[in-house]
Amino acid sequence: MKSIEELNEIREKTLSEISLRKDRNYTGREKHILVCGGTGCTSSHSKDIIEKFNELIKEHNLDNVRVIRTGCFGLCARGPIIVIRPEDTFYAMSHVDDVEEIFEKHIMNGEIVERLLCKDVDGSVVKSLDELNFYKKQHRIVLKNCGLIDPENIDEYLAFDGYKALEKVLTSMTAEEVIKEVSDSGLRGRGGAGFPTGKKWQFAKDSQDEQKYVACNADEGDPGAFMDRSVLEGDPHSVIEAMAIAAFAIGANKGYVYVRAEYPIAVHRLQVAIDQAREYGLLGKNIMGTNFEFDVEIRLGAGAFVCGEETALMESVEGRRGEPRTRPPFPAVKGLFGKPTLLNNVETYANITQIILNGASWYSSIGTEKSKGTKVFALGGNINNVGLVEVPMGITLREIVYDIGGGIPNGRKFKAAQTGGPSGGCIPEEYLDTPIDYESLSAIGSMMGSGGLIIMDDSTCMVNLARFFLDFTVDESCGKCPPCRIGTKRMLEILERLVNGKGREGDIEKLEKLAMNIKRSSLCGLGQTAPNPVLSTLKYFRNEYEAHIKEKKCPAGECKAMTKVMIDKEKCKGCSLCSKNCPVQAIHGELKSPFEIDQSKCIKCGVCIAKCPFKAISRV
Amino acid sequence: MNEIEKKSVCTCGEIDDNKKKLLEVIVSVNGDKSQLMKVLNAAQEIYGYIPTSAQKTISEELDIPMAEIYGVITFYTRFSLEPKGKYNIGVCLGTACYVKGSQMVLDKVKEILGIDVGGITPDGKFSLVSTRCVGACGLAPVMTVNDEVYGNMDPSKVKDILDKYV
Ligand SMILES: Cc1cc2nc3c(=O)[nH]c(=O)nc-3n(C[C@H](O)[C@H](O)[C@H](O)COP(=O)(O)O)c2cc1C
Ligand code: SF4
Ligand code: SF4
Ligand code: FES
Ligand code: FES
């Protein structure tokens, strides 16, 4: 166990070793090669890159060069990412075969390998991370350590003020003061509902019981969202420290993190962090020499969306089917194992240490009147810079899509954005200037959600998108209540018939009626929000529904049953690229004369559309 | 032989390694029934699915009725009652992948392998599942073969990839 003095010594020593990662005026001889070890870059083999660098360093006996496996840098679309500090050189889409060149030229001779530098969306070469437009409008509070530290080394977390917030709380604050600070900061839950965090802590504190728990929701069920996973992978201690602070505030001594077994890297790093925190006495009895006691345990989920709902989560933590319980009693009164429980989302927790250290007024100076601080989004879909972004509340969707996201690829047009995943709604082009905050998003029929932000271009059919989400909720409904179990199924059947060109008059009205009934009579949030994607697409893209029904046409050209892929004879130069790439050999023709598609064979995959250099192929 | 090894002896007289691993996990939870998810996740990893024999072991050791264990297994998508193929193909149908056309990748895999989602080829070589975001959305659309991730997929790439495993 380490005393406060010993922790300070570790901080000082480690900081002197790693300050060059932040210090642009550093002139020493050390170099740090930061390689992304997030799930995205790990999938594209960043581990091999790390191994190769280590091999070369060993071979050359270098004592001033270190390789660090970090969490996600955010720009996952350009992974695997290598950043060399102190000069901050940003190599993107790296491959293990490039490592030798980087090592020989850059590390040994201080020569930047221009060929491998990251390119911005406009094609301009970017020398350092700061120059990328992607980062310019971001404000990193939750992600401040992601891509900066080795998440499996507690000393590095300590060096950048880690566990100082806990120290401040344990040595100089009362539980009331902690809760007041959190309340005054204006922080609201990042798991979706946006409930004021300070108020939630107060409720849990007010519950009288010998045994209370704090819990962390890391289920992240929205498919295509990876914010919470990335925080756990890149900076797990920030969540553990915040849970300890919450436990102090409400009077709990035990915490649970509920995370999916499908997130192996996150689970591993969290466990390493817990073990290291225990070793340093930052978890356990008599933390920092006080009489505060707290420990954390991981509980694994196994891929059920409904388990993100708070009462279902508790059932699952206790080892049962994740079926929601009726509320009241609320978890703050009767939660895990029947005891008062405080449940917050990963990102909510990840804000806490900064609020304690920098004060509520600092935090509440960021954002809008009712939505304070920042929000992390997993930006995905038809957007150039797919990745993880953290933005101040109040930023517009347009800024996220065009300034940070780099716009829509393939010269296509923005059509809509989906926030809140299967519980959320879409935001059409006319609302691109809506500020991102809880109230503004609800007002236009969408929601903040937990951070999934999917961008869709004009090739996306909104009816089919609604079908996609309903298909998901039908799969994921726990089945406890009939309106959710059967109602969503009925809605899905209607949507399926629409996209298959078999829509009937009155289907839209049936959808609306079902939607209202399901929303009103479902027990939990899953059922209550399941119809949202249908209602919001109906609100903004009703004409597409009507075209599917009345004209049996899919205006976006996505629904296969109603579209054909055709080659424009005027534009086709007979280059044969399309036929070479067609997976079912449906395209025939003679070189230099127009090619033709055999409609009986074509599976409408669209590969040829993308491959044709003359834009001669389209869906009609 | 220790307690666990004794219990792991199979009818053939040899120690059943998988059963031994499972029993070690069960022992580590100290009879705590609320740790069922941990034990089931371990079983899923050890066997690649959760066979009846494993369910029985868990039921006996943790004193939880078989029916309840079955109910939990069938509730969660990660758990399966059937073995997977030697190569388990996953096509991501998370939203980020779907809007970039992963359904067509899935259709292509189905066509080539001649099986549906949840199916397995008669020779046991390939099985097919649809996944919901593997966390590599930057590479969307994504297909996985066991632990290997293939990004920026399109239907025309499917055959070459599968051919590597035939
Ligand atoms: C169907 C459903 C799924 C949910 N999934 C998640 C999730 O994956 N992660 C999360 O933090 N909250 C999720 N929530 C919200 C939680 O129930 C809960 O409100 C939240 O974890 C509270 O933490 P917060 O106040 O910090 O946001 C979900 C809710 C519903 C109804
Ligand atoms: S609304 Fe749906 S998911 Fe929620 S409890 Fe009812 S059936 Fe289960
Ligand atoms: S859409 Fe796909 S299947 Fe049809 S012709 Fe083009 S490449 Fe071939
Ligand atoms: S996972 Fe590497 S940048 Fe996101
Ligand atoms: S949606 Fe496919 S990897 Fe995330």
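The values are calculated or read from the model by the stated rules, or taken from the named source; none is laboratory data. Here the structure is a predicted model, which means the values were calculated and not measured. Cβ sites come from the backbone with ideal geometry, for glycine too, and all protein chains shown count toward neighbours.
Laid out as a table, the results:
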quantity: Test: residue in region A:563-583 that is at pLDDT below 95, in a helix (DSSP H, G or I) and crowded, with 21+ Cβ neighbours inside 10 Å; calculated: yes
quantity: First in region A:116-140 and farther than 26 Å from A:ALA350 by Cβ and in contact (Cβ under 8 Å) with a residue 60 or more places away in the chain, second anywhere and aliphatic (A, V, I, L, M) and in a loop (DSSP other than H, G, I, E, B), Cβ under 7 Å, 6 or more apart; calculated: A:ASP120/A:LEU132
quantity: Any hit, region A:216-228, residues being more than 14 Å from every other protein chain (Cβ to nearest Cβ) and closer than 15 Å to A:PRO331 by Cα; calculated: yes
quantity: Which numbered condition A:ASN109 misses (of (1) in contact (Cβ under 8 Å) with a residue 12 or more places away in the chain; (2) over 30 Å from A:GLY281 (Cβ atoms)); calculated: (1)
quantity: Only one of A:ALA350, A:ALA302, A:ALA261, A:ALA360 that is more than 16 Å from ligand 4 (Cβ to nearest atom) and surrounded by 24 or more Cβ atoms within 10 Å (Cβ to Cβ); calculated: A:ALA350
quantity: All positions within region A:243-265 that are more than 14 Å from chain B (Cβ to nearest Cβ) and either on the phi > 0 side of the Ramachandran plot or aliphatic (A, V, I, L, M) (or both); calculated: A:MET243, A:ALA244, A:ILE245, A:ALA246, A:ALA247, A:ALA249, A:ILE250, A:GLY251, A:ALA252
quantity: Filter pass, A:ARG412 being modelled with pLDDT under 95 and not assigned by TED's automatic domain parsing to the domain that holds A:GLY194; calculated: yes
quantity: Filter result (in a loop (DSSP other than H, G, I, E, B) and at the interface with another protein chain (Cβ under 10 Å from one of its Cβ atoms)) within region B:65-98; calculated: B:TYR76, B:THR77, B:ARG78, B:PHE79, B:LEU93, B:GLY94
quantity: Residue match in region A:370-381 (condition: in contact with a Ser or Thr (Cβ under 9 Å, 6 or more places away or on another chain), surrounded by 24 or more Cβ atoms within 10 Å (Cβ to Cβ), more than 25 Å from A:ILE352 (Cα to Cα) and of a type in the set (A, V, I, L, M, F, W, C)); calculated: no
quantity: Count - residues of region A:459-476 that are surrounded by 24 or more Cβ atoms within 10 Å (Cβ to Cβ) and within 16 Å of ligand 2 (Cβ to nearest atom); calculated: 4
quantity: Residue in region A:378-385 that is within 25 Å of A:GLY186 (Cβ to Cβ) and assigned to a helix (DSSP H, G or I) present; calculated: no
quantity: Set A:PHE90, A:PHE73: member being surrounded by 15 or more Cβ atoms within 10 Å (Cβ to Cβ), within 14 Å of chain B (Cβ to nearest Cβ), aromatic (Phe, Trp, Tyr) and within 23 Å of the chain's Cα centre (by Cα); calculated: A:PHE73
quantity: Flag for B:LEU36 being within 10 Å of chain A (Cβ to nearest Cβ) and touching a residue at least 12 places away in the same chain (Cβ under 8 Å); calculated: yes
quantity: Residue pairs meeting the criteria (Cβ under 8 Å; at least 6 apart or on separate chains; first away from ligand 4 (no atom under 16 Å from the Cβ), in region A:323-342; second acidic (Asp, Glu) and part of a loop (DSSP other than H, G, I, E, B)); calculated: A:PRO324/A:GLU309; A:LEU336/A:GLU318; A:PHE337/A:GLU318; A:LYS339/A:ASP209; A:PRO340/A:ASP209
quantity: Residues of region A:460-478 satisfying the condition of being facing another protein chain (nearest Cβ under 9 Å) and more than 15 Å from A:GLN528 (Cβ to Cβ); calculated: A:THR460, A:LEU465, A:PHE468, A:ASP471, A:PHE472, A:ASP475
quantity: Pairs, first more than 14 Å from every other protein chain (Cβ to nearest Cβ) and among the β-branched types (Val, Ile, Thr) in region A:192-206, second within 10 Å of ligand 1 (Cβ to nearest atom) and not in a helix (DSSP H, G or I), C-beta under 8 Å, six or more apart; calculated: A:THR197/A:LEU187; A:THR197/A:ARG188; A:THR197/A:GLY189; A:THR197/A:ASN344
quantity: Number of the exception - A:ILE444 against (1) within 16 Å of ligand 5 (Cβ to nearest atom); (2) touching a strand residue (DSSP E or B) at 6+ places or on another chain (Cβ under 7 Å); (3) of a type in the set (A, V, I, L, M, F, W, C); calculated: (1)
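Let's see how each residue does on (1) modelled with pLDDT under 95; (2) among the β-branched types (Val, Ile, Thr):
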residue	(1), (2)
B:ASP32	no, no
B:MET37	no, no
B:GLY48	yes, no
B:THR52	no, yes
B:ALA67	no, no
B:VAL72	no, yes
